[in-house]
């Protein structure tokens, strides 16, 4: 059975053990700047890692969305600045647009004729082999 996760270090250990089960921990230890033995020892609760390594480990294990808080020994979501997608348009006012476009009194001309010389379309010729 798995242990109960109480602190941020416990959560990091659980996530690290899952990562180690999936594959090698050598690349992760190289990226963090610690030895592989120290990383495996932390996963097994035998070794304590420095705070800077724990912060980098939290960023790596949780996809850059989580930060390790050493004072509270907890993981917390990374504060993301919310940016507006744009400026909202003014609310629609039908009274303001009613007189914006005057009604047309003169009809527009239609499209140009297909065959400029005549106004009639030529009759269809029967195709051989077709009804």
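Only the coordinates and a few stated rules stand behind these numbers; no lab work does. Just so you know, these numbers come straight off a predicted model, no measurement behind them. Methodologically, a virtual Cβ is constructed for each residue, glycine included, from the backbone with ideal geometry; neighbour enumeration extends over all protein chains shown.
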(message) Compute the helix-to-body angle for 8-22: its Cα long axis versus the longest principal axis of the chain, expressed 0 to 90° and rounded to tens.
(response) 70
(message) Helix 51-61 against the longest principal axis of the chain: what's the angle in degrees, Cα atoms only, rounded to the nearest 10?
(response) 40
(request) Tell me the label-point distance for the pair residue 60, residue 21, using the 7 Å Cα-to-Cβ offset, in nm and rounded to one decimal. (result) 2.0
(request) Between residue 7 and residue 85, with labels modelled 7 Å along Cα→Cβ, what's the label distance in nm to one decimal, could you check? (result) 4.3
(message) Could you work out the relative contact order of the range 8-77? I mean the mean sequence separation of Cα pairs under 8 Å and 6+ apart, divided by the number of residues, in percent.
(response) 33
(request) Give me the number: length gained by fully extending residue 73 to residue 92, i.e. 0.36 nm times residue separation minus the C-alpha to C-alpha distance, one decimal in nm. (result) 1.7 nm
(message) Under 8 Å for C-alpha pairs, at least 6 residues apart: give me the relative contact order for the chain, rounded to a whole percent.
(response) 17
(request) With springs only between Cα atoms under 10 Å apart, run a GNM on the chain and tell me which of 113, 91, 77 wobbles the most. (result) 113
